[in-house]
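Peer 1: One structure follows; several queries about it will come next.
The values are calculated or read from the model by the stated rules, or taken from the named source; none is laboratory data. Everything numeric in this text was worked out from a predicted model, so none of it was measured. Cβ coordinates were reconstructed from backbone atoms using ideal geometry, including for glycine residues, and neighbour counts include every protein chain displayed. In case anyone asks, the SASA skips ligands and DNA or RNA and just uses the protein heavy atoms, side chains included. Shrake-Rupley method; radii C 1.70, N 1.55, O 1.52, S 1.80 Å.
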Amino acid sequence: MLRQYELVDLVKSYDPDADEEALNRAYVFAMKKHGAQLRASGDPYYSHPVEVAGILTKFKLDCNSVIAGLLHDTVEDTDTTIEEVRSLFGDQVATLVDGLTKLAMIEQKSIYTKQAENFRKLLLAMSEDIRVLLIKLADRLHNMRTLHFLKPEKRTRIARETLDIYAPLAERIGMQEVKSELEELAFKELYKDAHDSIVARLNFLREKGSDIVPKIIETLKKDMEENGVKCVVTGREKTPYSIWRKMQQKNASFEQLSDIMAFRICVEDIATCYQALGIVHSKYHMVPRRFKDYISTPKPNGYRSLHTGVIGPENTRIEIQIRTYEMHEIAEKGVAAHWAYKQGQKAEGKNFRWIRELLEILDQASNPEEFLENTKLEMYNDQVFCFTPKGDLIGLPINSTPVDFAYAVHSSIGDTCVGAKINGEIRPLRTVLQNGDQVEVLTSKAQHPSTEWERFVVTGKAKAAIRRYVRANKRDQFIVLGQEILEKLFKGENLEFSEKNLVNVLPNFEAESISDLYAKVGEGLVTGWDVMKAVYPAYKQSKLEKVVKAIKVPAFKKTKKKDENPLQIEGLIPGMAMHFAGCCHPLPGDRIVGIVTTGKGVAVHTIDCKVLEKYSNEPERWLDISWGKIDEAETYTGRLKIMLSNEPGSLGEISNIMARHNTNISNLNIVYRTVSYFEIMLDLDVKNVQQLEEIIASLKSCKAVSYVARAN
Ligand code: MN
């Protein structure tokens, strides 16, 4: 463990003006407060904050951050209060420590809810002061280094969270070294077998080719010197985790990944970078599509470098990165490289736009699982760069579409986009964008986000915005439906229906407003009957049980799911969601009834469907509906149960009958078969119930058919 004077010396080595006295006080304070507490390793607990502070000195962070590192667990795990920290160490340290203190856990909440709420708090604190994240990363790094002392299930959870959240966060702020170490540690924990086999393979290759890395370094150095380029060349194997990810992305075996060695040429200035690149490319064969210029187009996290893949010295496929010394410093240390003894900085400017975007997603997500999923997507490093018509650069994850692009530019553009011109040509919204595409988003005020988009967008921002819109829109439908249900129910019983009456019973249903109550009734979370009983407690229950009379509402046109045409059903409220029940497959001509379901709008059943028995005690769920004008071209699924003799050609006869009736078999299922007969379920595309009855008649006249009926 780092001793007190060693820590002070470390800080003073890069910040001679550090407040030595405060550092000493913080060290002693943490030690006293954590007292006899022990870590899982058996070490005294205070060794943890001390090690975290030590990691922060590697980042060369300012004195207040190091103090906050020493104190980061005191408020959470000891009797220390934030006020105490504030009075002893000042506002800045107190704010940092508060940002790092997890929320008090509420018992009933799921692990995801806890995780999401704590992540939310961390993000808010980060947006105020990015140093909170640096300290959090140091904390996580030390916990990961000492992970093996914990119980297995706890280890798995922490490693998963590290891989999903903290490693991407480290990458997002350009801290390559921290990101790699976190990934390696989590990889070893989560995929031990994969990790061990990659390490074993690397060892084997190393022994076989013994000293190939130094040889290649020497050759590259000589190449540069001969052309008058002064440089430092380094080489290394890629980390097991990055090899594993590559194997997964490319679906390749280890043997196919020949470029497991990466070399770096560091030079004085940018012009020399391109000169060095020219030397490499003129001497070695370039591997197509491996060249990337992150100097002219830096990554969103500020990373700059030239990357190229060549068949290098020793005839080995290698990756070469070329950059200046300054770029290298930033590439390894990220924001911390700019940080050396600088005071707190708000997350402002374009470099921290992503933090605000994460917070935006968080405000739009309806539940913690959705939030975590969307933010995970958002944090993965941008890989495709596209341009607006004005030439602004937009970085997006790979496989992004014009809809992602539109949302990245502005939420309002995403919400109203109808099409896109990519490099001047009109393209569908689901087109996958390529590096360098110029994208012009076409918008229309009449457009709204569509659930279809959700299938192809990849950014968390787009996903969250679409879901939010769809949710709000559904709610509107449920409000209309709920109001209709209640009005119909009250009027049918000759009871006065007024919003004034409803206001009094809102608390009974945990509704915040009248619309909220309507929405709950419409969604089926609260029954109309319960509302009536609450408003008129004295009203006789038996009278409620009679089926309510039909109401007259305008005919309604509903677009069914994809590949299906619109149909008309009368008796539904405009805008109401409906679907055909899978149990009875209603056909035009059947007598039908609508059932208000929980959360899925109205289900249409045939009047003799057995499922309806379930709803016999809930008359307010029943809707009197009928078929409207039916489009001749429209077909519906009719399901038949057929008993067929088991002999050659009997199935052929059936399909001949279907052909004669000009109908299509969409599904055939053999329910069971014996030596002499088998029973099948047949789904047919038919126009209406008459057509199905004609088909049944023909089947009955067929010799091979011993029994046929509509399946119900
Ligand atoms: Mn800690």
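Peer 1: Among the residues of region 148-169, count how many are open to solvent by less than 30 Å² (accessible area, probe 1.4 Å) and more than 13 Å from the ligand (Cβ to nearest atom).
Peer 2: Result for region 148-169: 9.
Peer 1: Write out, first by first residue and then by second, each pair whose Cβ atoms fall under 8 Å of each other, whose residues are 6+ apart or on separate chains, and whose first residue, in region 186-200, is farther than 19 Å from T146 by Cα while the second is part of a helix (DSSP H, G or I).
Peer 2: A194/F187; A194/W244; I198/P240; I198/I243; I198/W244; I198/F254; V199/P240
Peer 1: Among the residues that make up region 605-615, is at least one of them assigned to a strand (DSSP E or B) and polar (S, T, N, Q)?
Peer 2: yes
Peer 1: Another question, if that's okay. Take the conditions free of Cβ contacts under 8 Å to residues at least 40 places away in the same chain, out of contact with any Ser or Thr (no Cβ under 9 Å at 6 or more places or on another chain), within 16 Å of the ligand (Cβ to nearest atom) and not β-branched (V, I, T) and apply them to L38. Does it pass?
Peer 2: Against the criterion (free of Cβ contacts under 8 Å to residues at least 40 places away in the same chain, out of contact with any Ser or Thr (no Cβ under 9 Å at 6 or more places or on another chain), within 16 Å of the ligand (Cβ to nearest atom) and not β-branched (V, I, T)), L38 qualifies.
Peer 1: Limited to region 614-630, what total is found for residues that are farther than 17 Å from V531 by Cβ and out of contact with any Lys or Arg (no Cβ under 9 Å at 6 or more places or on another chain)?
Peer 2: 5
Peer 1: Right, another one. If K102 satisfies every condition in (1) part of a helix (DSSP H, G or I); (2) within 11 Å of the ligand (Cβ to nearest atom) but one, which is the exception?
Peer 2: Looking at each condition in turn, K102 falls short on (1).
Peer 1: Another question about this same structure. Can you tell me which residues in region 217-247 are assigned to a helix (DSSP H, G or I) and either at pLDDT below 90 or farther than 23 Å from L277 by Cβ (or both)?
Peer 2: P240, Y241, S242, I243, W244, R245, K246, M247
Peer 1: Could you tell me which numbered condition P16 fails, if it satisfies all but one of (1) assigned to a helix (DSSP H, G or I); (2) without any contact (Cβ under 8 Å) to a residue 12 or more places away in the chain?
Peer 2: (1)
Peer 1: Here is a follow-up. Just one of V11, V28 is among the hydrophobic types (A, V, I, L, M, F, W, C), open to solvent by 10 Å² or more (accessible area, probe 1.4 Å) and away from the ligand (no atom under 15 Å from the Cβ); which is it?
Peer 2: Among V11, V28, only V28 is among the hydrophobic types (A, V, I, L, M, F, W, C), open to solvent by 10 Å² or more (accessible area, probe 1.4 Å) and away from the ligand (no atom under 15 Å from the Cβ).
Peer 1: What pairs come up if the first residue lies in region 43-57 and is closer than 13 Å to L23 by Cβ, the second is among the aromatic types (F, W, Y) and within 12 Å of the ligand (Cβ to nearest atom), and their beta carbons are under 7 Å apart, counting only those six or more places apart or on different chains?
Peer 2: none
Peer 1: Restrict the check to region 625-642 and report whether at least one residue is within 49 Å of the chain's Cα centre (by Cα), at pLDDT below 80, in a strand (DSSP E or B) and under 26 Å from G594 (Cβ atoms).
Peer 2: Yes, the conditions are met somewhere in region 625-642.
Peer 1: Check A262 against each of (1) at pLDDT 75 or above; (2) of a type in the set (G, A, S); (3) open to solvent by 20 Å² or more (accessible area, probe 1.4 Å) and name the one condition it does not meet.
Peer 2: If we test A262 against (1) at pLDDT 75 or above; (2) of a type in the set (G, A, S); (3) open to solvent by 20 Å² or more (accessible area, probe 1.4 Å), just (3) comes out false.
Peer 1: So how many residues does region 88-98 have that are open to solvent by 10 Å² or more (accessible area, probe 1.4 Å), farther than 19 Å from G35 by Cα and assigned to a helix (DSSP H, G or I)?
Peer 2: 5
Peer 1: Identify all residues within region 56-87 that are open to solvent by 10 Å² or more (accessible area, probe 1.4 Å), within 11 Å of the ligand (Cβ to nearest atom) and within 15 Å of A138 (Cβ to Cβ); write none if there are none.
Peer 2: D73
Peer 1: Further question on the same structure: Out of region 624-654, which residues are free of Cβ contacts under 8 Å to residues at least 60 places away in the same chain and within 25 Å of F490 (Cβ to Cβ)?
Peer 2: The answer is I625, S626.
Peer 1: Suppose the filter is modelled with pLDDT under 85 and in a loop (DSSP other than H, G, I, E, B); does Q434 pass it?
Peer 2: yes
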